[in-house]
Amino acid sequence: MKINATLYLNGIRSRRRARYVKYGRFLLAFTLLLLCSSPLHAQPAAHHKTILILCDALSIDDLTDKDFFALRTFAEQGAVGLMNCFVEGEKTPLNAYLALAYGVHTPPEPNGADLPTLHGRQMTFASVPQRAYQTANSLPFGAVLRKARPELQMELYGDGDTDALGKRSALFIVDEQGVGESAAEPSRPDKNAPFGKRDNPLALVQMAEETTADLVVITLGDTSRLEAMRDRLAPAAYAQSRKNALRRLNILLLLLTESRKAEQDILLVAPYPPQENVRITGYWHRLPPIVGWGAHFPPGLLTSPTTRTQGLVANIDIAPTLLALFGVAPPPSMSGRAISVSPYNSDAAQRLALLGRLDFVSQLNLQTLFTITAPLFFLTALGIAVALIAHKRGSKRFGLLSVLFLCAVNAPTALMLAPLLVPPTLLEYGLRIGFWMFALCVPAYLLSRWLKVSPFLAAVFLNLAIVAADLCTGQNLMKESYVTNSALVGVRYYGIGNEYLGMMMGFALMGGFAWMEERKQRAAEAYPKPFAVMGVWTLCLLLFGLPKLGANAGSFVVSCAGFGMGTLLLYGKPPKARYLFASMLLGLLFAFGASALDSRLSHEGASHIGTALHAAKQGGGVVSLTEIIKRKLALNWRTLFSLWLLIIVGGTSLTFWGFYRLQREAFDRLFRAFPLLQKGVYAVLSASVASLLFKDTGAMTAALMLSASALILVWYTTQCPACSE
C-alpha cells in the first residue's frame with residue numbers, strides 16, 4: 001500500500017511538471033508575440049502627407065474646361081464642392097486668407113501691419129500676435145498645428161507675391177510668434193507675365209515629393225498676380241494669360257497625381273473667386289471651388305456642419321479640416337467645422353453640373369436682390385394703393401383688385417418656387433416671381449372654401465404650411481430664395497432666415513387672431529377656444545427654434561416672446577412689460593436647453609449655438625460666448641442703418657400712412673369690430689422688441705414682421721363690413 005501511494009504521488013508530480021512546462025512554453029510564446037508587436041519592434045507606419053494648394057481666382061468653369069484634362073480628372077476622381085468666401089470688412093485677398101487660416105471671420109487690421117517680412121528662408125508675420133490678442137486668443141492654423149505633440153513639420157513652397165511682399169499663405173506655417181521657416185520661392189522670370197514672373201510647376205512638384213514634411217503648402221501666384229493687373233489688361237490679353245496660368249496648374253496636378261500615393265491627401269482651395277465686371281460692389285459674386293483628392297476624400301460632394309448643404313462649405317471650415325486630417329482638435333476660437341464627404345451619384349459629370357447650377361443661382365440671386373427687390377416692392381405697394389383708392393371711391397372693381405393683397409401674401413412662397421427651373425435671364429426670373437404670386441391665388445381660393453375662411457386668411461395659412469414643410473425637409477427651397485441668398489453672403493446656410501422668420505411670425509401671430517375673429521363672425525357667438533391657435537403657435541415655435549430645424553437660438557426667443565404674449569392676451573391678460581420679459585426669459589431657457597442637448601448629442605454636427613456652448617465647455621468659457629454676442633450686436637447695428645432696410649421700413653411706413661389717411665375712420669372702426677386684432681398688434685410689437693435684442697439682424701426681422709402685420713390690418717379694414725359702414 002505504501003509503494004502504491006508513492007507511485008501515485010510521483011505520477012501527480014510528473015503530470016504537474018508537464019503542465020508547468022506547457023504553460024511556460026505558452027507564456028514564452030505570448031511574451032515574444034508582445035515584444036514583436038510593440039512599437040519598438042513594429043514596422044514603421046506609412047508617412048501621411050497632406051498637400052494644400054492655394055490658387056486664387058478659380059471658378060467651377062475651370063474644373064469643367066476640356067482644355068485642362070488633369071484639372072477636370074482631378075475634380076472627377078475626388079470630392080468636390082463650392083466654398084463661401086465671406087469675410088468681415090473689405091473684400092481683399094488678405095482678408096480671404098485670414099478667414100481660411102483662422103477658421104473665423106476675423107476683422108481686418110486697421111493699421112495695415114499684416115504683411116510679412118522675409119529674411120532668407122525665415123518668414124515673420126508681425127501682426128499674428130497682435131491679431132491673436134484682439135480676437136480672443138485665436139491663432140492661425142500654423143500656430144495651432146505647431147503646438148501638436150508630436151510636433152508636425154510644415155513647409156511652404158511657391159510665390160504668391162505681386163509688386164509688394166504679401167505672402168498671405170505664411171499664416172499656414174508660422175508659429176505663435178508669427179515666425180516660420182522653409183519658405184522656398186520656385187518661380188521663373190518672364191517679362192511677358194504679370195509682374196515679370198510665373199510659377200514653376202516642375203520645381204514645386206519636385207520639392208513636394210522629396211520633402212518629409214507632414215504638411216506642404218503650395219501657393220500659386222499666377223492667378224493672383226493676374227487678378228491684381230486685370231484692370232490694366234485688355235480682355236484678350238487677360239484671357240490668354242489666364243489660360244497659361246491654368247495650364248501650369250494643370251501640369252502641377254498631373255505630376256502630383258501621376259504616382260498615386262494612398263497615404264497622401266491633396267486639397268485644392270481657391271480663397272476667393274475671379275473678379276466680375278458688375279455694378280454691385282462689396283461682394284464676391286461667385287463661389288470658388290474646392291477639391292479634395294486622396295484616401296480621406298473619396299468621390300462625392302464636400303459638405304460641413306457649418307452649411308449642412310451638399311456641395312457647399314465655408315472658408316472658415318478649411319483650418320478645422322486640416323487639423324482633423326492630423327488628428328488635432330481645433331481650438332475653441334475656430335467657429336468653422338471639419339469638412340466631410342457626402343456620397344452623391346457615381347456620375348462625376350452630374351456632380352459638377354449640380355455645383356454649376358448652385359454657382360449660377362447664387363450669382364443670379366445676388367443680382368436679383370439688388371435689381372428686382374425695389375421694383376417688386378414698389379409695384380406691390382402701388383397695386384395695394386390703387387386697390388385702396390378704388391375701395392375708398394366705392395368702385396365695383398375693388399373685388400378684382402383685392403387679389404393683389406393675396407399676391408402680396410404669396411410673395412414668400414413665390415420667391416422659393418421661382419428658381420426651381422433655373423431661368424436664363426434676370427428678366428425671366430422677375431417674371432417667374434410675379435407668375436407664382438398670381439398662380440398661388442388659385443389654391444388659396446380653394447383652401448378658403450374647404451376651411452371656410454376668407455381667401456386672404458387661406459393664403460396666409462398656405463404660405464405658413466409651405467414654409468413649414470420646407471423647414472422639415474431640409475430647407476431646399478428656402479436656400480435658393482434670393483432674399484436669404486445664403487450661399488454667397490454667408491449669413492444663413494440652413495434653418496429659417498431672419499427675413500422669413502419676420503414674415504412668418506407676422507402671418508402666424510396676426511393670422512391666429514384673425515382666425516378667431518372670423519370664427520366668431522361666422523358663428524355669431526362667443527370666441528372659440530384658442531386651443532387650435534395655441535397648437536399652431538407651438539408647432540411654429542419648434543420649427544423656428546429647434547437646432548435641427550430653425551437652428552437659431554434668437555428665433556427661439558423671438559417666437560417665445562411673440563407667441564407667449566399672444567397666448568396671455570388671448571386669455572385676457574393685459575399687455576405688460578413684465579409679461580414680455582418673462583416670455584423672453586422662458587425663450588432663453590428653452591433655447592439654451594435645446595442647444596445644450598444638441599451640443600451633447602451632435603458634437604461636430606451641432607447647430608451654431610450648440611457649437612458655441614460646446615466650445616465654451618471645452619475651454620472657450622465666457623470669452624467665446626462674449627465674442628459671439630459682440631459680433632451679433634455689431635451686425636445688428638450695421639443692419640439697422642442699411643440701405644435695403646431703410647427702403648423696406650420707408651416703403652411700408654409710407655404705404656401704411658397713405659392707407660391711414662385714406663381710411664382713417666374705417667381703421668378706427670376695425671379695432672372696435674375686431675378687438676383681438678388690436679391685441680395681435682401688441683404681440684407683434686413684443687416679438688419685434690425681442691428680435692432687436694436677440695437677433696443678429698433683428699432689425700430686418702422686425703421690419704418684415706411689422707410689414708406682414710400691416711398687410712393683414714389693411715385687408716381686414718377694407719373687407720370688414722362693419723368698417724365700411
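The values are calculated or read from the model by the stated rules, or taken from the named source; none is laboratory data. Quick caveat: nothing in here was measured; it's all calculated off a predicted structure. Reconstructed Cβ throughout: ideal geometry from the backbone, glycine too, with neighbour counts over all protein chains shown.
Looking only at the stretch 449-471, decide whether some residue is within 30 Å of A96 (Cα to Cα), surrounded by 19 or more Cβ atoms within 10 Å (Cβ to Cβ) and in contact (Cβ under 8 Å) with a residue 24 or more places away in the chain.
No - not one qualifying residue is present in the stretch 449-471.
Name every residue in the stretch 433-451 that is farther than 18 Å from P412 by Cβ and among the small types (G, A, S), in order of residue number.
S448
Since T484 meets every condition but one in (1) in contact (Cβ under 8 Å) with a residue 40 or more places away in the chain; (2) buried (at least 18 other Cβ atoms within 10 Å of the Cβ), which condition does it not meet?
Evaluating T484 over (1) in contact (Cβ under 8 Å) with a residue 40 or more places away in the chain; (2) buried (at least 18 other Cβ atoms within 10 Å of the Cβ) leaves (1) as the failure.
Matching residues to (1) over 30 Å from A324 (Cβ atoms); (2) in contact with a helix residue (DSSP H, G or I) (Cβ under 8 Å, 6 or more places away or on another chain); (3) of a type in the set (S, T, Y):
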site	(1), (2), (3)
K197	yes, yes, no
L202	yes, yes, no
S224	no, yes, yes
D231	yes, no, no
S241	yes, yes, yes
L252	no, yes, no
L256	no, yes, no
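Cβ-Cβ under 7 Å, sequence separation 6+ or interchain: first residue in the stretch 206-229 and under 23 Å from N244 (Cβ atoms), partner part of a loop (DSSP other than H, G, I, E, B) and of a type in the set (D, E). Which pairs?
Listed pairs, sorted by first residue: G221/D159; G221/D161; T223/D56; S224/D56; E227/D56.
Just to verify a result, which residue in the stretch 268-292, among those that are surrounded by 24 or more Cβ atoms within 10 Å (Cβ to Cβ) and part of a loop (DSSP other than H, G, I, E, B), is modelled with the lowest pLDDT?
R286
Between a first residue in the stretch 679-700 that is touching a residue at least 12 places away in the same chain (Cβ under 8 Å) and assigned by TED's automatic domain parsing to the domain that holds I712 and a second residue that is in a helix (DSSP H, G or I) and among the basic types (K, R), which pairs have beta carbons less than 8 Å apart while being 6 or more apart in sequence or on different chains?
From residues that are touching a residue at least 12 places away in the same chain (Cβ under 8 Å) and assigned by TED's automatic domain parsing to the domain that holds I712, the pairs are K695/K632; D696/R631; D696/K632.
Given the condition under 34 Å from the mean Cα position of the chain (by Cα) and among the aromatic types (F, W, Y), answer yes or no: does some residue in the stretch 195-217 qualify?
no
May I ask you to say which residue of V467, V453, V460 is touching a helix residue (DSSP H, G or I) at 6+ places or on another chain (Cβ under 9 Å) and part of a loop (DSSP other than H, G, I, E, B)?
Residue meeting the stated conditions: V453.
Give the stretch 171-199 a look and list any residue that's of a type outside the set (D, E) and without any contact (Cβ under 8 Å) to a residue 24 or more places away in the chain, or say none.
Passing the criteria: R188, P189, K191, N192, G196.
Out of the strands (runs of 3 or more DSSP E) lying entirely within the stretch 70-130, which hold 2 or more residues that are at pLDDT 85 or above and either closer than 21 Å to A228 by Cβ or not hydroxyl-bearing (S, T, Y) (or both)?
Output list reads 79-84.
Considering only residues that are surrounded by fewer than 15 Cβ atoms within 10 Å (Cβ to Cβ) and either modelled with pLDDT of 90 or more or basic (K, R) (or both), which ones fall in the stretch 343-356?
Q350, A353 - these are the residues of the stretch 343-356 that are surrounded by fewer than 15 Cβ atoms within 10 Å (Cβ to Cβ) and either modelled with pLDDT of 90 or more or basic (K, R) (or both).
For the stretch 523-533, what are the residues that are farther than 19 Å from G502 by Cα and either assigned to a helix (DSSP H, G or I) or not acidic (D, E) (or both)?
Correct list: A523, A524, A526, Y527, P528, K529, P530, F531, A532.
Here are L145, L156: which of them is modelled with pLDDT of 85 or more and surrounded by fewer than 24 Cβ atoms within 10 Å (Cβ to Cβ)?
Selected residue: L145, the only one of L145, L156 that is modelled with pLDDT of 85 or more and surrounded by fewer than 24 Cβ atoms within 10 Å (Cβ to Cβ).
Which members of the stretch 301-342 meet the condition of being of a type in the set (K, R) and crowded, with 23+ Cβ neighbours inside 10 Å?
Correct list: R337 only.
Residue by residue through the stretch 489-542, note down the ones that are over 21 Å from L706 (Cβ atoms) and of a type in the set (D, E, K, R).
Selection gives E518, R519, K520, R522, E525, K529.
Might you let me know whether the stretch 301-317 holds any residue that is part of a strand (DSSP E or B), free of Cβ contacts under 8 Å to residues at least 40 places away in the same chain and under 24 Å from the mean Cα position of the chain (by Cα)?
no
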